[in-house]
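Worksheet: one structure, shown below.
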Amino acid sequence: MASNDRRNRMLFLGLIAAFVLVVGVLLVRRWIDSGPVDLNQASLEKLETLPGIGPETAKAIAKGRPYETIDDLQKVKGIGPATVEKIREKVTVGDR
C-alpha cells in the first residue's frame, strides 16, 4: 500500500509539473507574439494591458495622438516619468 501511495503522489506531482510547464510556455508564447503596443494605433483595450494604464489613462492616451516619441506620453495627464520608464520596452510609436 505504501508504494501505491508514493507512486500516486509522484504521478500527481508529475502532472502538476507538466501543467505548470504548459501554462508557462503558452504565456511566454503569447507575450512574444504580442509584440510592442503602438501608441498611435492600439485600441483602448490593448493600451489597458500596459502596466499602470487603466481605462481613463488609456482614453487620455488615445485622445493625445499622434505621438512622435515615447517620451511624449508625459504630456498625458496621469503619466509621469516613472510610468513612461515602466512601459518603454513594451510600446512603440510606429513608423515615426
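Taking 0.36 nm per residue of separation and subtracting the Cα-Cα distance, full extension of the segment from K46 to F19 would add 7.0 nm. Taken about its Cα centre, the chain carries a charge dipole of about 360 debye when Lys and Arg each add +1 at the Cβ and Asp and Glu each add -1 at the Cβ.
Cβ crowding within 10 Å ranks D5, D38 as D5, D38, fewest other Cβ atoms first.
Semi-axis lengths, largest first, of the ellipsoid equivalent to the chain are 44, 13, 10 Å, with √(5λ) applied to each eigenvalue of the Cα gyration tensor.
Per-residue ellipticity at 222 nm computed for the chain from its helices equals -17500 deg cm²/dmol, with DSSP H segments shorter than 4 residues left out and the rest contributing -39,500 (n - 2.57).
Against the chain, whose longest principal axis is taken from its Cα atoms, helix 2-34 shows a tilt of about 20°. Between rounded, prolate and oblate, where does the range 37-92 land on the alpha carbon gyration tensor, with a ≥ b ≥ c its root eigenvalues, rounded for a/c under 1.5, else prolate if a/b exceeds b/c? Judged from the Cα gyration tensor, the range 37-92 comes out rounded (a/c under 1.5).
We did not get these values from a lab; they are worked out from the coordinates using the rules stated. None of these values were measured; they are calculated from a predicted model. Cβ: placed from backbone, ideal geometry, glycine included. Neighbour counts: every protein chain shown.
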